[in-house]
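Here's the structure, in structure tokens; my notes come after.
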Amino acid sequence: MRRRAVNIKQVKQDIADLKGKSLSLAINKGRKKITRMDGEIVDLFPSVFTFRAAAGELVSFSYSDVICGDIKFSLAPGA
């Protein structure tokens, strides 16, 4: 099935709507390596956004990672 086209403005708006909410992230690192993190989006910048994991780790991702499907969001259980 073909994915529908998404533009960068829509992705930025969707991520802005998720800021501050408790989320689960699935990060595809290639070669069947998927990392999962729980936490929340902390800051939004023009090219990237930052995510603070429940363990305290602060990581940044680009909006293009979301468009490509390398990062998938879901609301954390119980949120």
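How many residues are modelled with pLDDT of 90 or more, closer than 12 Å to Ile71 by Cα and not charged (D, E, K, R) if we restrict to segment 28-47?
So the count comes out to 4.
Anything in segment 15-27 that is surrounded by fewer than 14 Cβ atoms within 10 Å (Cβ to Cβ), in contact (Cβ under 8 Å) with a residue 40 or more places away in the chain and under 14 Å from Val66 (Cα atoms)? List them, or say none.
Hit for segment 15-27 is Ala26, nothing else.
Considering only segment 37-51, I want to know if a residue exists there that is open to solvent by 90 Å² or more (accessible area, probe 1.4 Å) and either in contact (Cβ under 8 Å) with a residue 24 or more places away in the chain or charged (D, E, K, R) (or both).
No: zero hits.
Name every residue in segment 56-79 that is of a type outside the set (A, V, I, L, M, F, W, C) and open to solvent by 70 Å² or more (accessible area, probe 1.4 Å), in order of residue number.
Glu57, Ser60, Lys72, Pro77, Gly78, listed by residue number.
The values are calculated or read from the model by the stated rules, or taken from the named source; none is laboratory data. What you are looking at is a predicted structure, and each value in this text was computed from that prediction instead of being measured. Quick reminder, even Gly has a Cβ in these numbers, built from the backbone with ideal geometry, and neighbours come from all protein chains shown. Protein only, heavy atoms only, side chains kept; ligands, DNA and RNA dropped before computing areas. Shrake-Rupley method; radii C 1.70, N 1.55, O 1.52, S 1.80 Å.
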